[in-house]
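Written out below as structure tokens is the structure these notes cover.
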Amino acid sequence: MFDLTGKCALITGASGGIGGSIAKALHAAGATVGLSGTRVEPLEALAAELGERAHVLPCNLSDAEAVDALPKAAAAAMGSVDILVNNAGITRDQLFMRMSDDEWQSVIDVNLTSTMRLCRGVMRPMMKARWGRIINISSIVGATGNPGQVNYAASKAGMVGMTKSIAYEVASRGITANAVAPGFIATPMTEKLTDDQKEKINVQIPAARMGNPEEIAAAVLYLASPEAAYVTGSTLHVNGGMAML
Amino acid sequence: MSDVADRVKKIVVEHLGVEAEKVVENASFIDDLGADSLDTVELVMAFEEEFGIEIPDDAAETIQSFGDAVKFITEAS
């Protein structure tokens, strides 16, 4: 089950906790992986760890031209892009009343607009191949909202609406588009929280713990697999029951 | 019929699964040949590949019928 032998996957934000786990899971299932991110060093380290079938494809997602060039670079390196995982994202938290245009725009640009550009860039070859998987990593916050994250929540909710619309357009061509919405996941970002903060978060989660990146990667692996061919336009919530949607 | 027309017709017949006799000069891809908007995009992609040309999006939108396609490609190639 979930065999991706012969498939090529492009993963953005592969230097991060969740992105790295996604890359490892798809690679373990037999896929060739294209690791994209802004920081080259961790990408190189991950590629070295994976060994064969791993390519490093640095890209600054706030640079529109670089984003447009990424699908072509990925196809040149791997042969094709059969699976696209838009995982990269940034936060610039701020109280809404104080939020600057720049804080708003930079988050929208990286999280939402770059995702749109990458989806658009892989669409033509996927249409020709009559097979494709688009998996956009949204967030629980896109569905529930979160104080201080007006920009981030808007970008993540935007990804869901976009994913559904893409799913409609290309479903008849063997291409699926889905979102995965993680809840609180233990990554280097959440490690910075104090024990007290973690405790307060955990009481809001029926599973009484944070998720781990492998649990997000497993959801992505499923949606990328041939077995998930009939699942499209959906959002898979992986949040320990924190929001039952 | 010109070589271009033959090749365009072959693509249209294969892609839309219609009978060759229906692919006439004024046949509209959408109204007469049962294409949806995504089919028209794919037809343009197939034309680009077959003839080794680039059809920009604004030009692609003007290609509504078999005759439009033959005319555009003849002029472009």
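The values are calculated or read from the model by the stated rules, or taken from the named source; none is laboratory data. Since the model is a prediction, treat every value here as computed from it, not as a measurement. Cβ placement follows ideal geometry from the backbone for every residue including glycine, while neighbour counts extend to all protein chains displayed. Only protein heavy atoms, including side chains, enter the accessible area calculation; ligands, DNA and RNA are left aside. Shrake-Rupley method; radii C 1.70, N 1.55, O 1.52, S 1.80 Å.
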If unit charges are put on Cβ atoms (+1 for Lys and Arg, -1 for Asp and Glu) and the dipole of the protein assembly as shown is taken about its Cα centre, the option from A:P58, B:L16, A:A219 lying farthest towards the positive end turns out to be A:A219
Chain A: relative contact order from alpha carbon pairs under 8 Å, six or more residues apart, as a whole percent, is 20
Expressed as a whole-number percentage, the relative contact order of the stretch A:1-134 with C-alpha contacts under 8 angstrom and at least six residues apart is 25
The simple spin-label model distance between A:D68 and A:M244, using points 7 Å out along Cα→Cβ, in nm, is 4.7
Share of Cα-Cα pairs in the stretch A:79-204 beyond 26 Å, whole percent, is 30
Cα-Cα longer than 26 Å, checked against A:K72/A:K192; A:K7/B:K10; A:K156/A:K200; A:K24/A:K128; A:K24/A:K156, kept in input order, equals A:K72/A:K192; A:K7/B:K10; A:K24/A:K128
Counting only protein heavy atoms with a 1.4 Å probe and every protein chain in place, the carbon and sulfur fraction of the accessible surface of chain A in whole percent equals 55
Once normalised by the length of chain B, the mean sequence separation of its alpha carbon contacts under 8 Å that are 6 or more apart gives a contact order in percent of 36
Among A:A154, A:A208, A:A177, the residue whose Cα sits farthest towards the positive end of the charge dipole of chain A (+1 at Cβ of Lys and Arg, -1 at Cβ of Asp and Glu, taken about the Cα centre) is A:A177
Going residue by residue through the stretch B:62-70, the Karplus relation 6.51 cos²θ - 1.76 cosθ + 1.60 with θ = phi - 60° gives ³J(HN,Hα) values, rounded to whole Hz and with x marking Gly or Pro, of 7, 8, 9, 10, 4, x, 4, 5, 4
A convex hull over the alpha carbons of chain A yields, per residue, a volume in Å³ of 121
One checks the Cα atoms of the stretch A:135-186 and finds Rg and Dmax, in Å, of 12.3, 40
Residues from the stretch A:92-132 losing no less than 50 square angstrom of accessible surface in the full protein assembly compared with the chain alone, 1.4 angstrom probe, ligands and nucleic acids excluded, are A:R124, A:M127, A:K128
Partner aspartates and glutamates whose C-alpha sits under 16 Å from that of B:K9, ignoring same-chain residues fewer than 8 away, are B:E19, B:E21, B:E25, B:D32, B:D39, B:E42, B:E48, B:E49, B:E50, B:D68
Ordering A:T38, A:T113 by the accessible surface of their heavy atoms, 1.4 Å probe, largest first, yields A:T38, A:T113
Phi-derived 3J(HN,Hα) across the stretch B:31-46 with the Karplus relation (6.51, -1.76, 1.60, θ = phi - 60°), rounded Hz, x for Gly and Pro, is 6, 9, 10, x, 7, 9, 4, 5, 4, 5, 5, 5, 4, 4, 4, 5
The convex hull of the Cα atoms of the stretch A:1-126, divided by residue count, gives a volume in Å³ per residue of 109
Expressed in square angstrom to the nearest 10, the accessible area of B:E19 with a 1.4 Å probe stands at 110
Helix-only [θ] at 222 nm, chain A, -39500 (n - 2.57) per DSSP H run of 4+, per residue, nearest 500, equals -14000 deg cm²/dmol
For the stretch A:54-103, the dipole about the Cα centre with charges only on Cβ (Lys and Arg +1, Asp and Glu -1), to the nearest 20 debye, works out at 160
About its Cα centre, the protein assembly as shown carries a charge dipole, from +1 on Lys and Arg Cβ atoms and -1 on Asp and Glu Cβ atoms, whose size in debye to the nearest 20 is 1200
The correct ranking of B:D57, B:D36 by accessible area at 1.4 Å, largest first, is B:D57, B:D36
Toy charge model, Lys and Arg Cβ at +1, Asp and Glu Cβ at -1: the stretch A:1-141 dipole around Cα centroid in debye, rounded to 20, equals 600
Between B:E25 and A:R124, Cβ-based FRET efficiency (R0 35 Å, step 0.05) works out to 0.75
